[in-house]
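Read the structure below first, then the notes.
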């Protein structure tokens with residue numbers, strides 16, 4: 001690991017810790033040349049499918065694209081970055097567990113839409129409106145009415161259970 005201060009490759013590990021899920025190791029290191037302390041993270045490399053775009057192009061699965069899209073949908077909402085990361089972790093794990101070599105971008109988008117639906121109504125509608133490219137306000141309203149109907153049914157069900 002290269003020291004960020006002096007670029008020396010010689011360092012020692014002072015402390016190692018696993019994250020809560022046990023899939024990332026955080027290491028505190030100290031450079032043996034300049035004594036600078038820094039942190040490194042080790043993450044298990046996952047085998048993810050290639051993404052087949054609508055025009056037929058293929059590209060690597062890019063977690064960051066999903067994170068950025070979800071962040072935009074969640075702007076000005078009371079949704080922590082931890083919840084966003086957890087949502088993207090579930091999506092990434094889903095496609096890893098499928099074991100497919102290729103997956104369509106449409107399939108990934110639909111998975112994101114379903115996950116956002118369970119997280120936040122406004123974020124869901126924002127993402128769906130861009131992802132599904134509604135042609136006019138009527139298509140958008142149909143989707144919005146469906147969300148409202150589902151949420152009202154869920155509220156009534158919860159009221160009955162209490």
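Rule-based calculations on the coordinates, nothing more; no lab input. Source: prediction; values computed, not measured. Positions of Cβ are backbone-derived with ideal geometry, glycine not excepted, and every protein chain shown enters the neighbour counts.
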Longest principal axis of the chain (C-alpha) makes with the long axis of helix 81-98 (C-alpha) an angle, in degrees to the nearest 10, of 90
On each of the three principal axes of the Cα atoms of region 50-141, give max minus min coordinate, whole Å, ordered largest first.
35, 33, 17
Let me make sure I get this right: for region 35-89, a, b and c are the square roots of the gyration tensor eigenvalues over alpha carbons, sorted descending. Under 1.5 in a/c it's rounded, otherwise prolate if a/b > b/c, else oblate. Which is it?
oblate
Using Cα-Cα distances under 8 Å and only pairs 6 or more residues apart, what relative contact order does region 50-141 have, in percent?
34
What distance in nm separates the two pseudo spin-label positions at residue 12 and residue 113, each 7 Å out from Cα along the beta-carbon direction?
5.6
Helix 63-73 sits at what angle to the longest principal axis of the chain, using alpha carbons and giving 0 to 90 degrees rounded to 10?
50
Three semi-axes of the equivalent ellipsoid, region 1-121, Cα gyration tensor, whole Å, largest first
34, 19, 14
Round to the nearest 10 and give me the degree value, 0 to 90, for the angle of helix 121-131's Cα axis relative to the longest principal axis of the chain.
90
Distance from the Cα centre of region 9-81 to that of region 109-146, in angstrom?
28
Restricting to Cα pairs under 8 Å and 6 or more apart, the percent relative contact order of the chain works out to 15
I want to check the label-to-label distance for residue 76 and residue 130. Put each point 7 Å from Cα in the C-beta direction and report it in nm to one decimal.
1.4
